Structures are given as structure tokens and as C-alpha cells.
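See below for the structure under consideration.
The values are calculated or read from the model by the stated rules, or taken from the named source; none is laboratory data. All values reported here derive from a predicted model rather than from experimental measurement. Backbone-built Cβ (ideal geometry, glycine too); neighbour counts: all protein chains shown. Accessible surface areas use protein heavy atoms only, side chains included; no ligands, DNA or RNA. Shrake-Rupley method; radii C 1.70, N 1.55, O 1.52, S 1.80 Å.
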Amino acid sequence: KLYVGERGDKAVKKFKALIPEKPEGYYLSVTPETVVIAGNDEAGTYYGVQTFLQIASSPEVMCVTVTDYPDVATRGMVEGYYGNPYSEEDRKDMFEFFGKQKMNTYIYGPKDDIYHRAKWRVEYPAEQAAKIKEYAAVAKSNKVDFVWAIHPGNDIKWNVADSLNMIKKLNAMYELGIRTYAVFFDDIWGEGTDATRQAGLLNYITDEFVRKHDDVAPLILCPTQYNKGWTRGDYLD
């Protein structure tokens with residue numbers, strides 16, 4: 001017999017007490033007679049299935065009980081380097097790999113994507129926008145949060161016009177299915193490095209964009225001085 005479900009589902013009701021009460025947690029039991037995959041939530045059930053598939057590919061494992069949940073809430077990587085961004089095939093393969101390995105976060109911020117950095121004010125052309133939308137959907141199907149990052153610090157003007165440009169661009173990305181956003185201020189010089197103005201912009205985005213959507217997560221920030229080993233002045237304060 002096979003029992004699969006998440007907390008509250010009738011299929012796994014009798015295993016309720018065995019499910020860890022942790023985000024993305026699950027209880028898995030394999031015996032010659034039954035398989036139980038009971039998640040604390042949807043992601044937990046998904047991860048329980050991934051563990052079962054690993055067990056099923058190891059015929060020497062006959063019986064096992066697993067109670068599992070993550071100690072680290074955000075697990076993944078940033079595509080934020082210089083040079084050619086990943087190919088379409090590489091990204092999709094990566095999302096599938098992430099799902100199997102129980103990694104839940106991918107931050108899109110390749111420096112050579114001009115609509116992420118050099119032309120951050122400009123919306124993606126239709127063809128590229130469709131690809132971003134597809135990436136977000138494929139990531140979601142593997143329980144991976146596709147985080148889109150914007151890198152405005154090289155030429156941002158600390159004025160109302162650019163604040164509005166920021167909100168306009170984020171709204172365009174929202175229409176593509178993005179629900180988590182990052183703002184990168186790394187690798188910049190000049191006026192864009194002003195910590196007080198950066199904080200003001202982030203607060204503005206939070207008030208005028210994040211809090212106006214019920215399904216948008218809090219912002220992720222990469223500060224200019226992101227390594228405490230070489231920070232200076234009162235920037236981090």
C-alpha cells in the first residue's frame with residue numbers, strides 16, 4: 001500500500017503524530033508491505049517523494065524510516081557572475097537537480113543580462129520575457145523559488161523618476177510570475193553606494209510594491225559592502 005499526502009490530508013491522517021512540525025519536513029516509512037510519505041506541507045511531501053525515489057533506486061534498502069526537515073531555510077545558489085549567462089537547457093536541468101537535492105532557491109542575476117543591470121529600467125523584449133516566465137514556472141514545478149534580481153546601482157538617480165522606474169520594472173516582472181525579488185548593489189562605485197539612499201529605496205519598494213501584493217516575499221539585498229572583512233565606515237549600520 002502507498003500513502004502519500006501532507007498534513008491534513010485524509011490519506012496520511014493516521015500518521016499525523018509522526019510528521020515533524022517543521023517547514024518542508026516529512027515522515028517517510030518503507031516496509032515490504034507499505035510506503036508512507038507524509039509531508040508537513042506541500043514541499044515536505046515533494047521532498048519525501050525525492051527521498052523515496054533515491055531509496056527505490058537502491059534495491060539493497062528493504063526497510064527504512066526517515067524523519068527529515070531542513071535546518072537551513074534558504075538553500076540554493078545565485079547566478080550572479082560576469083560572462084555568458086547559463087543556457088536555457090542548463091537552467092532547466094539545474095531546477096530539476098535542485099528539486100531532487102532539496103534545494104529551494106535560485107537567484108537570477110547574471111551581470112551580462114542587460115535588462116538586469118545596464119538597462120534595468122527597460123522591460124524585457126517579448127521573447128526574453130517569455131523565457132523568464134517559463135523559467136519561473138519550471139522552477140516552481142520543482143519546488144524552487146525563482147528570485148529575480150535587479151542591479152541598479154551603476155547609474156541610479158536618487159530621485160522620484162527612478163523610484164517609479166523601479167516599481168514599473170518590478171510590476172512587469174510580477175506579470176511574468178516572479179514573486180521574490182532581490183536588489184543588488186555589489187560591484188558599484190560613486191553615488192550608488194550611498195547606504196542611506198539604498199535603505200530608503202528598499203523601504204520605498206517594500207511600501208509601494210511588496211506590501212501591495214499578498215504573495216510577494218520580503219526583499220533580498222546584496223549590499224555594496226557585503227564582506228564584513230573589508231567593510232569600512234558606518235555603511236553596514
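Tabulated values for the structure
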| read-out | value |
| --- | --- |
| Residue of A149, A139, A73 that the Gaussian network model of the chain assigns the largest fluctuation, springs spanning Cα pairs under 10 Å | A73 |
| Rounded to whole Hz, the Karplus (6.51, -1.76, 1.60) HN-Hα couplings of segment 54-66, x for glycine and proline | 5, 5, 5, 8, 10, x, 6, 8, 9, 9, 7, 10, 10 |
| In Hz, Karplus ³J(HN,Hα) per residue of segment 136-152 (6.51, -1.76, 1.60; θ = phi - 60°; x = Gly, Pro) | 4, 5, 5, 4, 4, 5, 9, 6, 10, 7, 7, 9, 9, 10, 10, 10, x |
| Solvent accessible area, Å² - T193, 1.4 Å probe, full protein context | 40 |
| Relative contact order (percent, whole number), the chain, Cα cutoff 8 Å, 6+ residue spacing | 13 |
| Computed helical MRE - 222 nm, the chain, DSSP H runs ≥ 4 contributing -39500 (n - 2.57), nearest 500 | -10000 deg cm²/dmol |
| Under Karplus coefficients 6.51, -1.76 and 1.60, residue-wise ³J(HN,Hα) of segment 108-124 in Hz, glycine/proline x | 8, x, x, 4, 8, 7, 5, 7, 8, 10, 4, 10, 4, 6, 9, 5, 5 |
| Percent carbon-and-sulfur accessible area, the chain, ignoring ligands, DNA and RNA, probe 1.4 Å | 53 |
| Distance violations [Cα-Cα > 30 Å] among K1/K143; K119/K140; K10/K133; K13/K212; K13/K100; K111/K228 | K10/K133; K13/K212 |
| Distance between segment 82-155 and segment 47-72 - C-alpha centres, whole angstrom | 30 |
| Inter-label distance for N159 and A56, nm, one decimal - labels placed 7 Å from Cα along Cα-to-Cβ | 6.0 |
| Expected-Rg normalisation [2.2 N^0.38 Å, Cα atoms] applied to the chain | 1.21 |
| Accessible area expressed per residue, the chain, with surrounding protein chains retained (probe 1.4 Å, Å²) | 55 |
